[in-house]
Amino acid sequence: MENTQEVKVVSLPRIGEAAPEFKAVTTQGDINFPADYKGSWVILFSHPADFTPVCTSEFMTFATMEEQFAEANCKLVGLSVDGLYSHIAWLRTIKEKIEYKGMKNVEVKFPLIEDITMDVAKKYGMIQPGESNTKAVRAVFIIDPKGVIRTIIYYPLSLGRNFDELYRALIALQTADEFGVATPADWRPGDDVIISPAGSCGTAKDRMDGKEDGLDCKDWFFCTKKIDKEEVLKRVLKK
Ligand code: BEZ
């Protein structure tokens with residue numbers, strides 16, 4: 001029997017690839033992405049819809065943390081498939097009326113992209129039909145100063161994001177770049193980092209015999225090293 005089912009192949013952006021380019025209208029004027037953000041880290045994130053409760057809690061949290069992200073050389077850019085006037089009205093309502101978990105009078109100063117055509121959302125794989133054909137899922141793209149996608153996280157409509165984790169991931173990526181290391185489970189500045197076994201200097205035996213300075217090897221493939229929190233803050237956050 002002939003198979004008449006159409007298989008639609010959707011190409012999604014991937015880690016390690018250049019962030020797809022687009023031009024868009026936002027609540028802070030027009031942007032040319034990622035060109036306008038070269039030299040900065042940027043978190044591009046989508047939300048399902050304006051005037052919805054989970055999204056409102058997320059925007060208030062992100063806006064409250066904007067300065068913290070800026071200190072880590074990271075800009076924020078939001079997107080939903082709503083229009084500009086909806087965005088403006090929603091953000092004004094948040095500032096004027098919403099008080100939540102001690103946050104009030106919250107002004108969202110980062111750009112929120114209007115994407116009524118869904119062109120950008122589709123380019124970034126933010127429309128996931130199993131979840132919704134008409135709303136973007138909660139996507140997060142962490143993009144580095146060269147415009148390369150470094151981390152992608154997708155959440156469904158019902159699940160609000162953990163913004164401490166997004167900040168942790170950003171600082172871990174920056175630490176990995178700055179010190180040439182990897183970061184273990186639940187890493188935070190001040191915790192030991194991981195030294196990659198592949199191609200690093202010294203032999204496995206040297207490592208296990210403690211002949212490589214400052215390494216703590218649990219086995220030949222699993223070595224950690226201490227980097228003080230102050231060192232991370234100085235070199236990554238320039239503090
Ligand atoms: C919300 O942000 O509350 C939401 C948005 C879309 C679907 C479900 C919840």
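What follows draws every value from the coordinates through simple rules; no lab data is involved. As the structure is a prediction and not an experimental result, all values here were calculated from the model. Glycine also receives a Cβ, built like all others from the backbone with ideal geometry; neighbour counts cover every protein chain displayed.
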### Summary
Highest mean packing first, using Cβ neighbours within 10 angstrom, the peptides 152-158, 12-18 sort as 152-158, 12-18
### Query
Expressed as a whole percent, how much of the Cα-Cα distance distribution for segment 35-114 exceeds 16 Å?
49
### Message
Helix 53-64 against the longest principal axis of the chain: what's the angle in degrees, Cα atoms only, rounded to the nearest 10?
### Response
60
## Note on the structure
Expected sort for K218, K75 with the fewest Cβ neighbours (10 Å cutoff) up front is K218, K75
### Task
Can you give me the three principal axis dimensions of the chain from its C-alpha atoms, in Å, biggest first?
64, 63, 32
### Task
Calculate one ³J(HN,Hα) per residue across segment 221-237 by plugging θ = phi - 60° into the Karplus curve 6.51 cos²θ - 1.76 cosθ + 1.60, and present them in order as whole Hz with x for glycine and proline.
9, 9, 10, 10, 9, 8, 10, 4, 4, 4, 5, 5, 4, 5, 7, 9, 9
### Message
Taking 18 Å as the cut-off for C-alpha to C-alpha distance, list the pairs among K75/K122; K23/K123; K38/K135; K8/K123 that go past it.
### Response
K75/K122; K38/K135
## Note on the structure
Residues D82, D177 in order from fewest to most other beta-carbon atoms within 10 Å are D177, D82
### Query
Put +1 on the Cβ of each Lys and Arg and -1 on the Cβ of each Asp and Glu in the chain; which of L157, V232, Y100 then has its Cα farthest toward the positive end of the dipole?
Y100
### Query
Helix 163-179 versus the longest principal axis of the chain: what angle, 0 to 90°, nearest 10, using Cα atoms?
40
### Contour minus Cα-Cα distance for V10 and F22 (0.36 nm per residue)
2.5 nm
